[in-house]
Amino acid sequence: MLWTILTIIIILVAFYFLFVNYYPTFGGDVNDDKQRLYQSSSNYSDQKFRNIDASVPAELGLSKTLGLAYKFFTTKVPNGAPLNDLKVIKVDLEHIKKQDSTQLIWFGHSAFYLKMNGKHILIDPMFGKVAAPHPWLGANRFNSHLPIEIKDLPDIDAVIISHDHYDHLDYDSIKALKEKVSHYYVPLGVSVHLEAWGIKANTITELDWWQETVIGDLQLICTPAQHFSGRKIGAEQSTLWSSWILQNNDESLFFSGDSGYSTHFKSIGEKYGPFDLALMECGQYNEMWSDIHMMPEETAQAGVDLNARAIMPIHWAGFKLALHDWRDPVERVTTAGNALNLPVITPQIGAVIHLNDSPREFRKWWKKDFLEE
């Protein structure tokens, strides 16, 4: 019996290493040259990137990690996902192209198309069906159709990535977009995945926190987040995670990426605020991991810290990655925003958002009556 168990363990370990090393979705590895380069970053030590609060994320160990995984996969969550495929608004791209104003379109979860100063930009373009390295390892996306199919997107001037987790950086999406994209902007280290997938190094710009660059006449700023990274065992915190700011002469947009609540929001607001609109992580949370994913009430407070004119909850209505009702994030953050006198906009997937009128009312499309229309 002992030999049988040992043999099974050896086979499973061998399968895992073969899977990780030869299946392309896992991406690349940070080599010694890049590690030496990253030593100049104040966020990097002992071959790992760190949060401002270096105690985050907490080291769980194998037993706690397995316990969390067991709880996630065995807990039945009432209304954890919509009963039916979420309807999306199909975008009239020709109309978008004719407009000079800044326009933003949500694809669900944290994925956006942005047209700003004539530049076509994608933010965390995860358009895949499953937020996992293989389709068998995750539940399907809530919306099977996209507001704009990848093949119908215009040529993309810039792709901006917040970090390397599967629900933000997707192999199939990057491959499908490859011929359309001029340049990629990523936090330190994330280039290794793109290069492993055939993206040319000279089309990738890596930034550390507080570094700035330009996309044409747009200002792009890489700012802190409180999170973590890694696409496989042994690669934890080997690449950086970030939030992002996009500004022109008249407008300022903040994108939170994934983050727990901390002092960095106030620091960003003091240095770069106010913001016309802040796209704020609000979903896939739990008290057990609130250091790396904000609770909805913290999301609203972070919007205040940023000095945002309005916030939009993101990181919800895409995938079931936590143990809450799928509608809970939008309901709780709206209530919290009202208490703080902070406008919260809740556009349907595919709706066109204008930064200069962001606090306008949107219908509560996630409600049962609207879903059954």
Cβ pairs under 6 Å, 6+ apart or interchain, first in segment 342-369 and in a loop (DSSP other than H, G, I, E, B), second open to solvent by 10 Å² or more (accessible area, probe 1.4 Å) and charged (D, E, K, R), ordered by first then second residue, are Trp366/Arg327
Give me the pairs: first residue in segment 264-293 and closer than 14 Å to Ala225 by Cα and among the hydroxyl-bearing types (Ser, Thr, Tyr), second residue open to solvent by 10 Å² or more (accessible area, probe 1.4 Å) and in a helix (DSSP H, G or I), beta-carbon distance under 9 Å, and six or more apart or on different chains, which are they? Ser267/Asp305; Ser290/Glu298
Quickly run through segment 72-106 and pick out the residues that are assigned to a helix (DSSP H, G or I) and touching a residue at least 24 places away in the same chain (Cβ under 8 Å). Phe72, Leu93, Ile96, Lys97
Yes or no: Tyr171 in contact (Cβ under 8 Å) with a residue 12 or more places away in the chain and either more than 21 Å from Trp241 (Cα to Cα) or in contact with a strand residue (DSSP E or B) (Cβ under 8 Å, 6 or more places away or on another chain) (or both)? no
Ser182 in contact with an Asp or Glu (Cβ under 7 Å, 6 or more places away or on another chain), more than 24 Å from Arg141 (Cα to Cα) and open to solvent by less than 10 Å² (accessible area, probe 1.4 Å): no
Index of the failed condition, Ala235 passing every other in (1) within 18 Å of the chain's Cα centre (by Cα); (2) under 30 Å from Gly27 (Cβ atoms): (1)
Within the bounds of segment 98-109, is there any residue that is aromatic (Phe, Trp, Tyr) and either closer than 20 Å to Leu194 by Cα or loosely packed, with under 12 Cβ neighbours inside 10 Å (or both)? no
Top-ranked residue in segment 311-331 [being touching a residue at least 60 places away in the same chain (Cβ under 8 Å) and more than 18 Å from the chain's Cα centre (by Cα); ranked as surrounded by the most Cβ atoms within 10 Å (Cβ to Cβ)]: His324
Among the residues of segment 336-347, is there at least one that is touching a Cys at 6+ places or on another chain (Cβ under 8 Å) and open to solvent by less than 10 Å² (accessible area, probe 1.4 Å)? no
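The values are calculated or read from the model by the stated rules, or taken from the named source; none is laboratory data. Keep in mind the model is a prediction, meaning the values are calculated, not measured. For neighbour counting, all protein chains shown are included, and Cβ atoms are generated from backbone atoms with ideal geometry for every residue, glycine included. Heavy atoms of the whole protein, side chains included, go into the accessibility calculation; ligands, DNA and RNA do not. Shrake-Rupley method; radii C 1.70, N 1.55, O 1.52, S 1.80 Å.
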